[in-house]
Each structure stands twice: as C-alpha cells, then as structure tokens.
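Bear in mind that the values in this text are calculations on the coordinates, not laboratory data. These numbers come from a predicted model, not from an experiment. Counting neighbours? That spans all protein chains shown, and the Cβs are built from the backbone with ideal geometry, glycine included.
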Amino acid sequence: MAYKLGLIGEKLGHSYSKDLHNKIMNESGILGTYDLIEIPKVSFPDDFPKLLLSDYNGLNITIPYKENVIPFLDGISESAKKIGAVNTISLKDGKAYGYNTDYDGFLEIFIRNSISIKGKTAAVLGYGGAAKAIALALIDEGISSIDIIMRNIAKAKAVNNSSYDFISFNEFNRNSKYYDFIINCTPVGMFPYVIESPIPKASIRASYVFDLIYNPEETLLLSFCKELGIKYFNGMEMLSAQARKSQEIWFK
Ligand code: NAP
C-alpha cells in the first residue's frame, strides 16, 4: 500500500517536512507521498473538513492551525488534550484522531545530549502550540519553574494555569534574570525574517538556548548565543524526532 500524507499550514515555503518524511519512509522501506498543503485562514473552516474526508492516511499540522483542528476531530490523545494542540492526525476507517509529537520530540534533545531537567528553571518565549507541548514536557520531567514570555499580556491573564508565571517581553528584558534554559517557541527569526530575534542579546542569560526554528539553521538568536559562548540547539533535531514519532503513529 502507498500511503498518502501531508502537512497543513498557512505558509509552507520554509518547511523541510516533505524531504524529511520522504527520507524516513525511504529508510524504512515504506511507500508513500507527502504533500505540502497551504490553506489560507479564511478558507480553513471549509477546506480542512474536506481534507479529512479525502484519501489522506495521515496529516501533520503546523502554524497557525494546531489548535483550530481540534473541534473537527473524532478524538485526541491524552497528551494532546492536556497540551491543547494537535500536530499529527491519523485518518482511518472514516475517523480522524489527533496526537502531539512535539512533546516527545523536544524531550529527545535532552535525552540524546544527557541534559537533566529536574530542578532546573526555564523561560519559554511564546505560548502557542509548540510552547504548550514543551512546557508540559518540562513540568512532567520535574523542572522547578517556568516563566512564559508573551507579547499579549492580556491573553496571558486569561490563561488559567498556575504551573507557570506569565510575563511580558518588556518585563523579561528588564528583569535580566538567569535561567537554565531559554526556549524560543515564537516564529521570530524564521526565514524570511532572519534579521529578527525574539529577545536582544543583552537579555540572554542562560546555560542552554533552544530555538525551535530550523530555517535558517542559525537564527540571529543563536548567533548571539555563539558570540556569548552559550550552548545552543536549533530546531532540526526536534523536527526529525517529532517526524519519526508521527510515522510511528501512521504506520504503527
Ligand atoms: P503558534 O501556535 O502559531 O504559536 C506562536 C507563538 O509565538 C504565539 O504565542 C505567538 O503569540 C508568538 N508570536 C508570534 N509572533 C510573535 C512576535 N512577533 N513576537 C512575540 N511573540 C510572537 O506556532 P507553533 O506551532 O507553536 O510554532 C512556533 C515556532 O516553533 C515556529 O517557528 C515553528 O516553526 C517552530 N516549531 C518547530 C518545531 C520543530 O520540530 N523544530 C516543532 C513545532 C514548532 P500570539 O499568541 O500573541 O500570536
């Protein structure tokens, strides 16, 4: 059987997912195609349900639809429910089930590099789909505190989650606090906006910086880390780990 797979997002010019999934399928001897499916925000409510009824076997979901897809699904995994975001959908026997592989993909970086999370502190920049998965993974692994940095502090106040402190980017930059981990979960710095950084160089006080962006490989944020001698990881390692987890779901 040849599987029909695809990625849904608003703009996918930056995506490596097609090459990555084709490479993993080739290595595993699985026959399949992987399409990049751009859907504009205005037509999402009409176009997405049609895709669920089409002949796709599996889908990945990216910006900005990881939360929007949930009401259309027949069921979602426990971790996707807790996170409130879905990045992988399995379509079988007319039913659509959602999962979140960002959680495991992020933790794999720590496992592979022998970095311990227990008792550490983190600042998570942004609070979208990826940030929610990462914050939950860090909590589950015993992190001692997480500050979530948001641009829209009114939105932060509406989030009822006592596990985290929500602070604005201005406050974060003013505080100049030290963290074990700073994790960029915003798209700031992603191609083509490569001359932007979510935080200035002066605000980077951390042992490790993780940028979820993988295009470019070295964002402005990571080039600041290089100058400061701070250890850093780009999003490539997490991308391939979460892609492998998606294929485990689709192909069992
Ligand atoms: P998302 O759900 O759209 O969330 C994006 C977050 O970034 C939101 O909190 C948003 O704030 C914030 N944000 C957007 N523009 C901002 C700006 N100019 N200044 C400050 N905050 C801003 O996206 P996502 O799925 O979480 O993905 C986020 C990033 O991670 C993307 O670059 C994506 O490519 C990357 N990612 C990588 C991997 C990987 O495997 N490497 C996996 C998942 C995601 P508002 O709520 O105020 O809009």
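Beta-bridge orientation, the chain: approximately 20 percent antiparallel, per DSSP, counting only bridges with both partners inside.
Cross-link partners of residue 155 among aspartates and glutamates, defined as those whose alpha carbon lies under 14 angstrom from its own and excluding same-chain residues fewer than eight positions apart: 165.
Are any of the pairs 18/120; 11/120; 66/252; 92/157; 4/231; 81/177 more than 30 Å apart by Cα-Cα distance, and if so, which? In this structure, 18/120; 11/120; 92/157; 4/231; 81/177 exceed 30 Å between Cα atoms. With the helix formula -39500 (n - 2.57) applied to DSSP H stretches of n ≥ 4, the chain reaches a computed 222 nm mean residue ellipticity of -10000 deg cm²/dmol. Couplings 3J(HN,Hα) for the range 186-191, derived from phi with the Karplus relation 6.51 cos²θ - 1.76 cosθ + 1.60 (θ = phi - 60°), are 9, x, 6, x, 6, 3 Hz, where x marks Gly and Pro. So what's the gap between the Cα centers of the range 157-184 and the range 66-131, to the nearest angstrom? That distance is 20 Å. As a proxy for reagent exposure, ranking 190, 238 by other Cβ atoms within 10 Å from fewest up yields 190, 238. Starting from the Kirkwood radius over alpha-carbon pairs of the range 166-215, derive D by Stokes-Einstein at 10 °C in a medium of 1.306 mPa s and give it in µm² s⁻¹. So the translational diffusion coefficient is about 137 µm²/s. The alpha carbon convex hull volume per residue for the range 52-208 rounds to 136 Å³. The ranking of 207, 162 by Cβ neighbour count inside 10 Å, starting from the fewest, reads 162, 207.
With coordinates expressed along the principal axes, the C-alpha atoms belonging to the range 151-252 extend over 48, 37, 27 Å, beginning with the largest. Coordinate range of the alpha-carbon atoms in the range 34-111 per principal axis, descending: 39, 27, 24 Å. Which of 154, 137, 122 moves most in a GNM of the chain, Cα contacts under 10 Å? Between 154, 137, 122, it is 154 that shows the largest mean-square fluctuation. Ranked for footprinting exposure by Cβ neighbours inside 10 Å, fewest first, 17, 176, 79 give 176, 79, 17.
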